[in-house]
1. In percent, what relative contact order does segment 74-226 have, based on Cα pairs under 8 Å that are 6 or more apart in sequence?
2. For the chain, with a Gaussian network of springs between Cα atoms less than 10 Å apart, report the residue from Cys302, Cys102, Cys235 with the top mean-square fluctuation.
3. Rounded to the nearest 500, what is the chain's calculated 222 nm mean residue ellipticity when only DSSP H runs of at least 4 contribute -39500 (n - 2.57) each, over all residues?
4. Where does each of Phe139, Phe191, Phe161 land when they are ordered by accessible area, with a 1.4 Å probe and the largest first?
5. How much net charge surrounds Ile82 when only the other residues with a Cβ under 10 Å from the Cβ of Ile82 are counted, with Lys and Arg +1 and Asp and Glu -1?
6. Nearest 20 debye, what's the magnitude of the dipole of segment 229-338 about its Cα centre given +1 on Lys and Arg Cβ and -1 on Asp and Glu Cβ?
7. Accessible area of the chain with a 1.4 Å probe: how many percent of it is carbon plus sulfur?
8. Of the residues Ile224, Ile239, Ile90, which exhibits the maximal mean-square fluctuation in a Gaussian network model of the chain defined by a 10 Å Cα contact cut-off?
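The values are calculated or read from the model by the stated rules, or taken from the named source; none is laboratory data. Keep in mind that what you see is a predicted model, and the values were worked out from it rather than measured. Every residue, glycine as well, gets a Cβ built from its backbone with ideal geometry; the counts of neighbours run over all protein chains shown. When the accessible area is computed, the model is the full protein with side chains, heavy atoms only, and any ligands, DNA or RNA have been set aside. Shrake-Rupley method; radii C 1.70, N 1.55, O 1.52, S 1.80 Å.
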Amino acid sequence: MLIVMQPNATDEDVRSVVAKLKSIGAEAHVSKGKFRTVVGAIGDDTEIATLPLEALDGVERVIPVLKPYKIVAKEAQDGLTIVEIGTAKIGGEHFAVVAGPCAVENREQTLTSAKAVAASGATILRGEAFKPRTSPYAFQGLGKEALEIMKDASRDTGLPFVAEVLDARDVELVAEYADALRVGARNMQNFTLLSEVGKQHKPVILKRGMNSTIEEWLLAAEYIAKEGNESIVLCERGIRTYEPATRFTLDISAVPVLRQLTHLPIIVDPSHAAGRSYAVGPLARAAIAVGADGVMIDVHPCPEEALCDGAQAILPHEFERLMGELRQIARVMGRVIG
Ligand code: PEP
Ligand code: MN
């Protein structure tokens with residue numbers, strides 16, 4: 001931690017900063033420049049971070065030197081993490097394709113979508129039981145019944161499935177059925193939920209909050225990892241910007257940025273980012289080309305009748321064509337799908 005003093009800070013101000021650091025056993029190195037004094041704090045970073053240094057007289061700025069997250073930081077281990085969801089691997093050379101309807105609406109719609117995406121080579125199924133909807137009057141999901149339908153879809157196709165958990169009280173229920181849990185964008189900073197999913201033993205797909213920075217997202221992942229669950233996949237799904245042409249703005253640069261910061265695998269959800277089916281294929285191709293470890297795609301047999309997110313769902317035959325394109329790019333990128 002570096003404590004930069006104001007140009008007019010007095011020697012007494014500097015002495016107070018040093019005393020504050022020493023009070024918790026940290027060391028202080030004072031460097032006096034021509035215009036300013038900087039105090040370098042050496043010691044337990046998390047403990048130093050609890051000191052209200054910015055509130056002391058004469059302090060202009062406190063600059064952390066180390067990253068605030070530890071377990072998920074790239075330096076925490078040699079090499080990248082490969083997360084296993086049932087039979088599917090995500091990370092390293094393994095590129096995952098998560099696909100299926102946004103929501104489980106009924107058995108037929110779910111099984112049709114699941115069989116179609118499996119036949120085209122998807123590696124993991126999606127289909128939600130609990131839906132976070134902006135309006136309380138919108139379809140909220142079928143709950144446990146949907147998890148049972150997804151279990152059948154998984155058995156019929158031989159593919160594992162991921163399901164969103166909306167509420168800390170449902171973590172056990174969803175974990176009992178699903179092969180992986182997903183924490184959605186609106187819950188990325190629901191710290192109770194993050195800790196609960198960290199205590200169970202299924203992998204977690206953590207979506208980026210639509211208003212969250214990459215650092216906040218990694219700190220959310222740290223909440224999960226801190227409880228002992230390090231099987232975490234980060235999912236970029238678009239952030240809110242001033243551009244209304246798409247539902248969100250896919251932050252494609254988050255992928256290479258995260259690659260510098262974390263060993264966790266990174267996937268991209270072009271469907272929720274674009275909100276429009278025509279943009280899903282181009283963004284999915286961009287995701288694999290930019291180095292993502294997977295994509296998550298909404299596929300619906302009849303988007304015009306979907307109870308949720310129909311405008312962004314692609315048809316099974318469009319998904320099949322996209323899989324062919326992804327396989328070609330995968331070869332160039334040294335990746336294998338499935
Ligand atoms: C979803 O994937 O179904 C979903 C609700 O996404 P997000 O949390 O990114 O909005
Ligand atoms: Mn959706």
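1. Values: 265 pairs, mean separation 26.4, N = 153.
Relative CO of segment 74-226 lands at 17 percent.
2. So, out of Cys302, Cys102, Cys235, the one fluctuating most is Cys302.
3. Working: 11 runs with 119 residues, N = 338.
Rounded to the nearest 500, the figure is -10500 deg cm²/dmol.
4. On the way: Phe139 45, Phe191 85, Phe161 0 Å².
So, going from the largest accessible area down, we get Phe191, Phe139, Phe161.
5. Numbers: positive: Lys89; negative: Glu84, Glu93, Asp293.
Summing Lys and Arg as +1 and Asp and Glu as -1 gives -2.
6. On the way: 10 positive and 13 negative charges, 81 e Å.
Using only the charged Cβ atoms, the result is roughly 400 debye.
7. Working: 7900 of 15270 Å².
Result for the chain: 52 percent of the exposed heavy-atom area is carbon or sulfur.
8. Evaluated over the chain, the most mobile residue of the options is Ile239.
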